[in-house]
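The values are calculated or read from the model by the stated rules, or taken from the named source; none is laboratory data. This one's a predicted model, so the numbers in the text were calculated from it and none came from an experiment. Using ideal geometry, Cβ is built from the backbone for each residue, glycine included, and neighbour counts are taken over all protein chains shown.
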Amino acid sequence: MTDVRQAAMDHLWLHFAQVPTEGPMVIERGKGCEIWDSEGKRYLDALGGLFVTAIGHGRTDLADAAKKQAESMAFFPVWGTAHPPAARLAEKLASLAPGDMDRVFFTSGGSEAVESAWKLARQYFLAKGEPERMRVIARKSAYHGTTLGALAITSIPPIRDPFEPMLNGLVTHVSTTDQLHCQRCEGPCSLHAADEIEEAILAAGPQTVAAVFLEPVQNSGGCFVPMPGYWARVREICDKYGVLLVSDEVICAFGRLGTWFGGHKFDYVPDMITFAKAATSGYSPLGGVITRPFLADTLKASKDVVWHGLTFGGHPVSCAVALANIEALESEGIIDHVAKHEGMFREKLETLLDHPIVAEVRGAGYFYAIELMKDPAKGVAFTPDEGAALVAGLRPALLEHGLIARADGRGAPILQFSPPLIAGPDEFDEIVATSRKALDAVWR
Ligand code: PLP
């Protein structure tokens, strides 16, 4: 075992993993869509380092932007003061965000962004004289982060269960936009998944509900795409009851769907967008909340202090890197590249539908899942134990064939892909060919 694997085994807490009893896989370097481990094995990174590395690995321009900023001013907070990278990035994001969204609260990651949105909502309603509004509506099986506030919004039992007594009980979870298993309507979709949000608001008491948190395309459960009309209906419901609509775009923003933000893809303007991950393509940590003007206007009028802050929120180096990342995404036409190639990616993934256990390909942009079933033609799902065994087998099989993708069994078993946005036909072909090999190996 290499020294570094030994060090990881002996001293590193791995996230979402058992304490290691053998040296874990160590990823050492990356270039474009490829990464290499400490043993020199090459993999296609079809997950973009956890939905992060939009621009690809190994970009020296982003590293240079970090160096230049660190040399000029490595750190100063945005607690009551500003610095050029944060101000310029906020201005840039305001110009890219849908509708009239115009102000940014920076954090250092996605969970903090989600909690910050909730706290901003609370302060907004306090300033507006509606102190009862604290409750949140979100969707079942959705992931919105792990810190306690964000975890209260997350709805994945194994992640919540150990901490349930520490959560606040302020969140109601409603149906996803899963259409494969939905048996509600015989004819065209009734948008019941959106209507359930209204039912939940009414059940909680509209005067107590602060916000609805939804992803444009829900990651957990496997890239649930909204049905046509879903977002318009949700927007209408939120407006009807004075509830804030938060679009959690920690995964979906910055080109993942072939657009800057989810609202551009599905034609809506939320009241807040939470973002992180691809904002910097992972070259430095950053997250944040983009808000519509009425939120700041209300707090400006009340003269209330925003009682929330994070030392590293809006870190100068991260903001400078985000600016360089956005500049590259723009000047290299990377988001248009995704929009142009998403259909091809889908078509190639759909060639897997002839595999005996592939039931559905769903997603948008460069964000797809394939759902696995025991007998797709008859609609027979794997039992939970079978699903768990399948996923446990798929993970090493994918790695053996040199593919980083997500095999997930927290709902129906799925295989998920979210490659760097620079990927093209060669990468799609490799994803399909290696996935087929891994599926064959495990199914047999
Ligand atoms: N929200 C969504 C939709 C996410 O996918 C994630 C992480 O994957 C988070 C929030 C939490 O982000 P972070 O891991 O940066 O705290």
Looking at (1) out of contact with any Asp or Glu (no Cβ under 9 Å at 6 or more places or on another chain); (2) surrounded by 19 or more Cβ atoms within 10 Å (Cβ to Cβ); (3) outside any strand (DSSP E or B), which one does Asp304 not meet, given that it meets all the others?
(2)
Among (1) charged (D, E, K, R); (2) touching a Phe, Trp or Tyr at 6+ places or on another chain (Cβ under 7 Å); (3) under 23 Å from Ile326 (Cα atoms) - the single one Arg42 does not satisfy
(3)
Checking the condition in contact (Cβ under 8 Å) with a residue 40 or more places away in the chain, under 30 Å from His308 (Cα atoms) and of a type in the set (Gly, Ala, Ser), which residue from Gly48, Gly56, Gly110, Gly32 passes?
Gly110
Give me the pairs, please: first residue somewhere in segment 268-295 and of a type in the set (Asp, Glu) and more than 10 Å from the ligand (Cβ to nearest atom), second residue anywhere and at pLDDT 95 or above and not in a loop (DSSP other than H, G, I, E, B), beta-carbon distance under 6 Å, and either six or more positions apart or on two chains.
Asp271/Leu244; Asp271/Leu245
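Please state which one of Ala127, Ala121, Ala113 is within 13 Å of the ligand (Cβ to nearest atom) and among the aliphatic types (A, V, I, L, M). Walk me through how you get there before you give the answer.
Values: Ala127 fails: within 13 Å of the ligand (Cβ to nearest atom); Ala121 fails: within 13 Å of the ligand (Cβ to nearest atom).
Answer to the check: Ala113.
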Within segment 164-178, how many residues turn out to be outside any loop (DSSP other than H, G, I, E, B), touching a helix residue (DSSP H, G or I) at 6+ places or on another chain (Cβ under 8 Å) and within 15 Å of the ligand (Cβ to nearest atom)?
1
Which of the residues that make up segment 64-123 are among the hydroxyl-bearing types (Ser, Thr, Tyr) and more than 21 Å from Val250 (Cα to Cα)?
Ser72, Thr81
Against the conditions (1) away from the ligand (no atom under 16 Å from the Cβ); (2) of a type outside the set (Ser, Thr, Tyr); (3) buried (at least 23 other Cβ atoms within 10 Å of the Cβ), where does Ala204 fall short? Just the number, please.
(3)
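Output yes when any residue across segment 233-240 is more than 10 Å from the ligand (Cβ to nearest atom), in contact with a Lys or Arg (Cβ under 8 Å, 6 or more places away or on another chain) and farther than 28 Å from Lys92 by Cα, and no when none is.
Within segment 233-240, none of the residues are more than 10 Å from the ligand (Cβ to nearest atom), in contact with a Lys or Arg (Cβ under 8 Å, 6 or more places away or on another chain) and farther than 28 Å from Lys92 by Cα.
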List pairs: first residue in segment 139-163 and assigned to a helix (DSSP H, G or I), second residue among the small types (Gly, Ala, Ser) and near the ligand (Cβ under 9 Å from one of its atoms) anywhere in the structure, Cβ distance under 6 angstrom, at least six positions apart or on different chains.
Ala150/Ser111
Unmet requirement for Ala412, which otherwise passes all of (1) part of a loop (DSSP other than H, G, I, E, B); (2) in contact with a strand residue (DSSP E or B) (Cβ under 6 Å, 6 or more places away or on another chain); (3) at pLDDT 95 or above; (4) not charged (D, E, K, R):
(3)
